[in-house]
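The values are calculated or read from the model by the stated rules, or taken from the named source; none is laboratory data. Note that this is a predicted model, so its numbers are computed, not measured. Every residue, glycine as well, gets a Cβ built from its backbone with ideal geometry; the counts of neighbours run over all protein chains shown. Side chains included, ligands, DNA and RNA excluded: accessible areas come from the protein's heavy atoms. Shrake-Rupley method; radii C 1.70, N 1.55, O 1.52, S 1.80 Å.
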Amino acid sequence: MAETLRPTCRFCGNPLEFTFIDLGMSPFCESFLREDQLNQMEGFFPLHVYVCDQCFLVQLEEYLPPEDIFTEYAYFSAYSDSWLAHSKAYVDMITERLGLSEASQVVELASNDGYLLQYFVQKGIPALGIEPAANVARAAAERGVETLVEFFDHEMAQRLASTDRRADLIIGNNVLAQVPNLNSFVEGIRLLLAPGGVVTIEFPHLLRLMEANQFDTIYHEHFSYFSFSTAERIFAAHGLTLFDVDELPTHGGSLRIYGRHADDNSKPVSAAANALREREAASGLNGLEAYQEFREQVEATKRDLLAFLIERRREGATIVGYGAPGKGNTLLNYCGIRTDFLEYTVDRNPYKHGTYLPGTHIPIYPPDKISETKPDYIVILPWNLKDEISEQLAYTAQWGAKLVVPIPKVQTL
Ligand SMILES: [Zn+2]
């Protein structure tokens, strides 16, 4: 009998039968092209997202080795002021909440260049980073943040725990989605966590992604998408109880979950955790129907966006893009929008000037190009920054340009 090629759930091993959304074939969203690469073969991989009908983990298969992802993502945190402020506020809050001191041990998984742990170091609280990208780990060391250049998994955790470095606080921010072996990672957290310790993990919230139609935040680099309820199941399977949760505005809507050992009864499950679990159940996240509705909503968005662009082009209008974010590439490739609709896009990042968007080959220019060509419509691809960008583009009202956001639905501002 032929072997089935059907993928299985990264958490529970159940065969994946149900499509959450199939965004078609797409290149990796950060693989911008130079001019001399335009006529070469380009790698396209399925952006086919499944939902497991047993544990409701939303996931896609891995096409990119983790080394590449972590090395690449490491640069990303190059930290806006607002992200640093978010990190510092977290450190102040958690230090007080857990009563951390010189006698405590903090460990961060995927600690990057130490941007967060530096605030523990400043307080004299022992902090250890674990970061697979060597160059970034070096930058952390220069900041005075001790960093081990390794991938975190249960074997590594076992080794660390046996050297008596169990953690009073384990932190993992925006790493869970990129973990190929989820069970080994969470088991590692259990092994490394001291008996009365706490783990906090931040990740984009699946419920927000669905409610706000943020399908363009799906990338090959993110293998898994979590609701609170599914995260709770995964941690429970490894002897960890989620006892509290914060809802954060970061990345279009994120969660910060708080976990502890299941037998640590000193931290009762909070009202916020119970309320969020109920809200997710009421939104249908423990059944397939809500996931099915999301798919219909995304397909309708594609039709609406294309209808809008076709209509404007028929009227003879000129349309360009603003920004070259990863999410723009998911959107443009899924919808098949190339230079026939968006003549070009602009970006403030000088490293992107003169390059082309992966897959669609839309050229990227400096923002000045807009005042030179005076387009009729400007589509803002990083819709999460639309307020800030609308202000920057206020001058385009001189010639009557209209600003458009594609998500959550096509809308002229
Ligand atoms: Zn599953």
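Within region 11-54, work out how many residues are surrounded by 14 or more Cβ atoms within 10 Å (Cβ to Cβ), more than 22 Å from Val179 (Cβ to Cβ) and either touching a His at 6+ places or on another chain (Cβ under 6 Å) or aliphatic (A, V, I, L, M) (or both).
Looking only at that region, the number is 3.
Can we say Tyr79 is away from the ligand (no atom under 16 Å from the Cβ) and either aromatic (Phe, Trp, Tyr) or at pLDDT below 95 (or both)?
Working: away from the ligand (no atom under 16 Å from the Cβ): yes; either aromatic (Phe, Trp, Tyr) or at pLDDT below 95 (or both): yes.
Against the criterion (away from the ligand (no atom under 16 Å from the Cβ) and either aromatic (Phe, Trp, Tyr) or at pLDDT below 95 (or both)), Tyr79 qualifies.
Scan region 11-54 residue by residue and report those that are within 11 Å of the ligand (Cβ to nearest atom) and more than 22 Å from Val298 (Cβ to Cβ).
If the condition is that a residue be within 11 Å of the ligand (Cβ to nearest atom) and more than 22 Å from Val298 (Cβ to Cβ), then Phe11, Cys12, Gly13, Asn14, Pro15, Gln54 are the ones that fit.
Pull up region 1-10, narrow it to residues that are open to solvent by 50 Å² or more (accessible area, probe 1.4 Å) and within 17 Å of Tyr63 (Cβ to Cβ), then point me to the one that is farthest from the ligand (Cβ to nearest atom). It would help to see each step written out before you state the result.
The first filter runs over region 1-10 and keeps only residues open to solvent by 50 Å² or more (accessible area, probe 1.4 Å), leaving 1-6, 8.
This time we only want the ones that are within 17 Å of Tyr63 (Cβ to Cβ), so: 5-6, 8.
Details: Leu5: 18, Arg6: 13, Thr8: 8 Å.
Filtering region 1-10 for residues that are open to solvent by 50 Å² or more (accessible area, probe 1.4 Å) and within 17 Å of Tyr63 (Cβ to Cβ), the one farthest from the ligand (Cβ to nearest atom) comes out as Leu5.
Tell me, which helices (runs of 4 or more DSSP H) lie completely within region 144-256 with 1 or more residues that are over 21 Å from Cys12 (Cβ atoms), touching a strand residue (DSSP E or B) at 6+ places or on another chain (Cβ under 6 Å) and open to solvent by less than 10 Å² (accessible area, probe 1.4 Å)?
Working: elements: 154-162, 182-192, 206-211, 228-236.
Ranges flagged: 182-192.
Kindly establish whether Leu309 is part of a helix (DSSP H, G or I) and open to solvent by less than 30 Å² (accessible area, probe 1.4 Å). It would help to see each step written out before you state the result.
Details: part of a helix (DSSP H, G or I): yes; open to solvent by less than 30 Å² (accessible area, probe 1.4 Å): yes.
Criteria met by Leu309.
In region 122-143, which residue that is part of a loop (DSSP other than H, G, I, E, B) and within 25 Å of Leu98 (Cα to Cα) is nearest to the chain's Cα centre (by Cα)? It would help to see each step written out before you state the result.
So the first thing to find is which residues in region 122-143 are part of a loop (DSSP other than H, G, I, E, B), and the list is 123-126, 131-133, 143.
Keeping just the survivors that are within 25 Å of Leu98 (Cα to Cα) gives 123-126, 131, 143.
Values: Lys123: 29, Gly124: 31, Ile125: 29, Pro126: 28, Glu131: 18, Arg143: 26 Å.
Residue satisfying both the conditions and the ranking: Glu131.
Where the second residue is of a type in the set (A, V, I, L, M, F, W, C) and the first is at positive phi and lies in region 10-28, which pairs have Cβ atoms under 9 Å and are six or more apart or on separate chains?
From residues that are at positive phi, the pairs are Gly24/Phe44; Gly24/Leu47.
Report, by residue number, each residue of region 16-35 that is farther than 26 Å from Asn213 by Cα and not acidic (Asp, Glu). Can you show your working first?
First, the residues of region 16-35 that are farther than 26 Å from Asn213 by Cα: 33-35.
Residues satisfying the conditions are Leu33, Arg34.
For region 92-117, how many residues are part of a helix (DSSP H, G or I) and open to solvent by 30 Å² or more (accessible area, probe 1.4 Å)? Before the answer, list the steps.
So in region 92-117, the residues part of a helix (DSSP H, G or I) come out as 92-98, 117.
Still in the running and open to solvent by 30 Å² or more (accessible area, probe 1.4 Å): 92-93, 96-98.
Qualifying residue count for the region: 5.
Considering only region 55-66, how many residues are open to solvent by less than 50 Å² (accessible area, probe 1.4 Å), assigned to a loop (DSSP other than H, G, I, E, B) and within 16 Å of the ligand (Cβ to nearest atom)? Spell out the reasoning first.
Here is the first cut: in region 55-66, the ones open to solvent by less than 50 Å² (accessible area, probe 1.4 Å) are 55-60, 64, 66.
Checking the rest, the ones that are also assigned to a loop (DSSP other than H, G, I, E, B) come to 55-57, 60, 64.
Now restrict to residues that are within 16 Å of the ligand (Cβ to nearest atom): 55-57, 60.
Residues flagged as open to solvent by less than 50 Å² (accessible area, probe 1.4 Å), assigned to a loop (DSSP other than H, G, I, E, B) and within 16 Å of the ligand (Cβ to nearest atom) within region 55-66 amount to 4.
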